[in-house]
Amino acid sequence: MRITAVTCVKNEGPFLLEWIAYNRLIGVTDFLFYSNDCTDGTDALLDALAARGGVTHLPNPAQGRAYQMEALKDCAHRPVVQNADWLWIADVDEFLNIHAGDHSIQALIDACDDPQAISLSFQFFASGGIEAFEDRPVIEQFTRCHNPDIWCGETAIEVKTLTRKDFPLGYYGAHRPFLKKNTAADARPRWCDGGGRQVQHRFLVAANPRRIRKFPAKGARALATLNHYALRSLDSYLVKNDRGDVNRENRAFDDTYWRERNDPVWEDRSILRMLPALHTALDEMKADPEIARLHADCVARHVARRDELLTRPSYQAMRAQLQRASVLPPQEEDMLTRLGLL
């Protein structure tokens, strides 16, 4: 079975090897990376990996700022996607945590009785007080998260989707595929959540804006969930913030994104069962001198960028603001304040 993972990257160099190695362990056979405007060595590392097979690296075709949507439009015409039995569209900070069988994508498909799509609910992992960037697996460092069924007061949580080749496809979205226009009711796909249950009708047909890319998470994690490490360490978050916004001087910093994803109330260590195999796979990849050198260069540039940012007063202020930020999501803190409990 061929499973292709498609993703867009910009300055994700230190995290590439872990993501590739992990996905190979769960059954991904091929990777299609689109990169743009990289300054940390991401593109050089991807080129070296592509030369060794199993990885395709292309420049992002976007002419404006719609990097992900333009890449997803392009990927549908690529042989590495067209020849795949399943497609997995995800980001480098997202790890598919499969609880079924041997923890492989095949085991998940079997447990769901071979549907045409499987949508996995996000579980946002907090920084958990970890400030310093370390060059070791992200899944090993971060184990705290929100209550899996509730995020910021919302019981409906966003998903990412595995899609089978015979899905009646209109087009790929970042979170889910969309049905071909005018697909007849009897031609609609069997589409499961991470508990193996048929997804809600409103989600399947995207009839309601609230249900286009999310549905209630309760009961949707019995077979698999999607661990989302959107923050990582405080250091890495500063670099990520710079990647997306290089002109922050003289503007107030909004810490909402950080606070919404930095809820440490729950601990989930289930993905750590993959660590022994992941460490072995990473050692094997780094046994290649060129791959090891390029990875080390990405790490060094990541650290150097952090150091350079922290010479700026605006980033010093940002770091201090995040250090003292409440670990309660803004919505929860507002509610407790209204009730006089804070």
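The values are calculated or read from the model by the stated rules, or taken from the named source; none is laboratory data. Here the structure is a predicted model, which is why all the values come from computation and not from measurement. When we count neighbours, we look across all protein chains shown, and the Cβ atoms used for this are built from the backbone with ideal geometry, even at glycine. Keep in mind that these areas ignore ligands, DNA and RNA; they rest on the heavy atoms of the full protein, side chains included. Shrake-Rupley method; radii C 1.70, N 1.55, O 1.52, S 1.80 Å.
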Going by the structure shown, is Trp266 of a type in the set (Phe, Trp, Tyr) and open to solvent by less than 20 Å² (accessible area, probe 1.4 Å)?
-> no
Determine the pairs where a residue that is of a type in the set (Gly, Ala, Ser), located within segment 1-20, has a partner that is in a strand (DSSP E or B) with Cβ atoms under 6 Å apart, the partner being 6 or more residues away or on another chain.
-> Ala5/Phe31; Ala5/Trp88
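Somewhere in segment 138-150, is a residue open to solvent by 40 Å² or more (accessible area, probe 1.4 Å), in contact with a Leu (Cβ under 7 Å, 6 or more places away or on another chain) and closer than 30 Å to Leu322 by Cβ? Talk me through it step by step, then tell me what you get.
Initially, segment 138-150 is screened for residues open to solvent by 40 Å² or more (accessible area, probe 1.4 Å), giving 140, 144, 147, 149-150.
Filter once more, so that each one left must be in contact with a Leu (Cβ under 7 Å, 6 or more places away or on another chain): 140.
In the following step, the residues that additionally are closer than 30 Å to Leu322 by Cβ were identified as 140.
There is at least one residue in segment 138-150 that is open to solvent by 40 Å² or more (accessible area, probe 1.4 Å), in contact with a Leu (Cβ under 7 Å, 6 or more places away or on another chain) and closer than 30 Å to Leu322 by Cβ.
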For residues that are exposed (fewer than 15 other Cβ atoms within 10 Å of the Cβ) and within 25 Å of the chain's Cα centre (by Cα), scanning just segment 169-189, find the one that is nearest to Ile98 (Cα to Cα).
-> Tyr171
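When you look at Val246, is it surrounded by 15 or more Cβ atoms within 10 Å (Cβ to Cβ), at pLDDT below 95 and not in a helix (DSSP H, G or I), yes or no? Reasoning before the result, please.
On the way: surrounded by 15 or more Cβ atoms within 10 Å (Cβ to Cβ): no; at pLDDT below 95: yes; not in a helix (DSSP H, G or I): yes.
For Val246, the condition - surrounded by 15 or more Cβ atoms within 10 Å (Cβ to Cβ), at pLDDT below 95 and not in a helix (DSSP H, G or I) - is not met.
Working only within segment 85-106, note down all residues that are part of a strand (DSSP E or B) and either surrounded by fewer than 22 Cβ atoms within 10 Å (Cβ to Cβ) or of a type outside the set (Phe, Trp, Tyr) (or both).
Step one: of segment 85-106, the residues part of a strand (DSSP E or B) are 86-89, 94-98.
Within segment 85-106, Leu87, Ile89, Glu94, Leu96, Asn97, Ile98 meet the criteria.
Going by the structure shown, is Leu282 modelled with pLDDT of 95 or more, within 22 Å of Val138 (Cα to Cα) and surrounded by fewer than 15 Cβ atoms within 10 Å (Cβ to Cβ)? So that I can check it myself, show each step before the final result.
On the way: modelled with pLDDT of 95 or more: yes; within 22 Å of Val138 (Cα to Cα): yes; surrounded by fewer than 15 Cβ atoms within 10 Å (Cβ to Cβ): no.
So Leu282 does not fit the description; no.
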For segment 206-223, name all the residues that are assigned to a loop (DSSP other than H, G, I, E, B), in contact with a strand residue (DSSP E or B) (Cβ under 7 Å, 6 or more places away or on another chain) and surrounded by fewer than 19 Cβ atoms within 10 Å (Cβ to Cβ).
-> Ala206
Scope segment 312-339; condition in a loop (DSSP other than H, G, I, E, B), open to solvent by less than 60 Å² (accessible area, probe 1.4 Å) and under 18 Å from Gly129 (Cα atoms); matching residues | Ala325, Ser326, Leu328, Pro329
Can you give me the number of residues within segment 185-205 that are modelled with pLDDT of 95 or more, assigned to a loop (DSSP other than H, G, I, E, B) and not basic (Lys, Arg)?
-> 5
Quick one: Leu226 ticks every box in (1) within 23 Å of Cys145 (Cα to Cα); (2) assigned to a loop (DSSP other than H, G, I, E, B) bar one, so which box is it?
-> (2)
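Out of all the residues in segment 107-127, which are farther than 21 Å from Phe203 by Cβ and surrounded by 17 or more Cβ atoms within 10 Å (Cβ to Cβ)? Break it down into steps so the answer makes sense when it comes.
Step one: filter segment 107-127 for residues farther than 21 Å from Phe203 by Cβ, giving 107, 110, 125-127.
Matches in segment 107-127: Ala107, Phe125, Ala126, Ser127.
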Residue check: is Asp235 more than 23 Å from Ile98 (Cα to Cα), surrounded by fewer than 16 Cβ atoms within 10 Å (Cβ to Cβ) and among the acidic types (Asp, Glu)?
-> no
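Considering only residues that are under 22 Å from Ile105 (Cα atoms), part of a strand (DSSP E or B) and in contact (Cβ under 8 Å) with a residue 40 or more places away in the chain, which ones fall in segment 170-184?
As a first pass, look at segment 170-184 and keep what is under 22 Å from Ile105 (Cα atoms): 172-178.
Then keep just the ones that are part of a strand (DSSP E or B); that gives 172, 177-178.
Selection gives Tyr172, Pro177.
Can you pull out every residue in segment 147-205 that is of a type in the set (Lys, Arg), in contact with a Pro (Cβ under 6 Å, 6 or more places away or on another chain) and more than 26 Å from Ile26 (Cβ to Cβ)?
Filtering segment 147-205 for residues of a type in the set (Lys, Arg) gives 160, 164-165, 176, 180-181, 188, 190, 197, 202.
Next, only the ones that are in contact with a Pro (Cβ under 6 Å, 6 or more places away or on another chain) stay: 180, 190.
Within segment 147-205, Lys180 is the sole residue that qualifies.
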